[in-house]
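Student: Please read through the structure below; I'll follow up with questions.
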Amino acid sequence: MNALRSVSFTLFLAGMACAQPQTVLIPQIADGGGWQTTFVLTNATINAGSAALTFYQETSGGATQNWNLPFVEAIGQNVPVPAASTLFLHTQGTNLATSTGWAQLIVSSGITAYAIFTLRVSGRPDQDGTAPGSSSSTGILVPFDNANGSVTALL
């Protein structure tokens, strides 16, 4: 009976650890000068969750500063993410000058995030790049397709 209690308690603690918020870093954001970034937040659980978004804009010499990045969807810094759903959040991309930076998201367990940054130039097809969100201790898988004249690059 004690062994059963021990296993139950261990499973309970493991479940609690999985329910903790996670930090997700998105290493690249571009906005303005023809660029727009779309953040994709997916909640793969049956419970509603949330994401707290913090942005950092690159300045000179590799430094960053806090960045109040406005979205088309007029959301705040804390975003509710309904159960079993995906949200798309679009930066406005309306400034003439390009701003770049990165994001830190504190997300509920089961929420994944990535960014798609798009360059729109009149008379040319849109050019897209993807920045996967991950913790600083994980590897990433980068699928690619170089068919039909497409080119994939990693920086």
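All of the numbers you see were taken from the coordinates with simple rules; none came from a lab. Here the structure is a predicted model, which means the values were calculated and not measured. When we count neighbours, we look across all protein chains shown, and the Cβ atoms used for this are built from the backbone with ideal geometry, even at glycine.
Student: By how many nm would the segment from Phe144 to Ile116 grow when fully extended, if each residue of separation counts as 0.36 nm and the alpha-carbon distance is taken off?
Tutor: My answer for the length gained is 8.7 nm.
Student: Be a star and scan the stretch 106-127 for residues whose amide nitrogen sits under 13 Å from the point 7 Å along the Cα-to-Cβ vector of Asn66.
Tutor: From the stretch 106-127, the list is empty.
Student: With r as the distance between the Cβ atoms of Ala84 and Glu58 and R0 = 35 Å, compute the FRET efficiency 1/(1 + (r/R0)^6) and round to 0.05.
Tutor: On the way: r = 35 Å, r/R0 = 1.01.
Taking R0 as 35 Å, the efficiency between Glu58 and Ala84 is 0.50.
Student: Using the Cα atoms of the stretch 20-136 to build a convex hull, what is its mean projected area in square nanometres? It would help to have the intermediate numbers written out before the result.
Tutor: On the way: hull surface 30.7 nm².
Reported value for the Cα convex hull: 7.7 nm².
Student: At what distance in nm do the modelled label points of Val151 and Asn95 sit from each other, each positioned 7 Å from its Cα along Cα→Cβ?
Tutor: Here the answer is 2.8 nm between the modelled labels.
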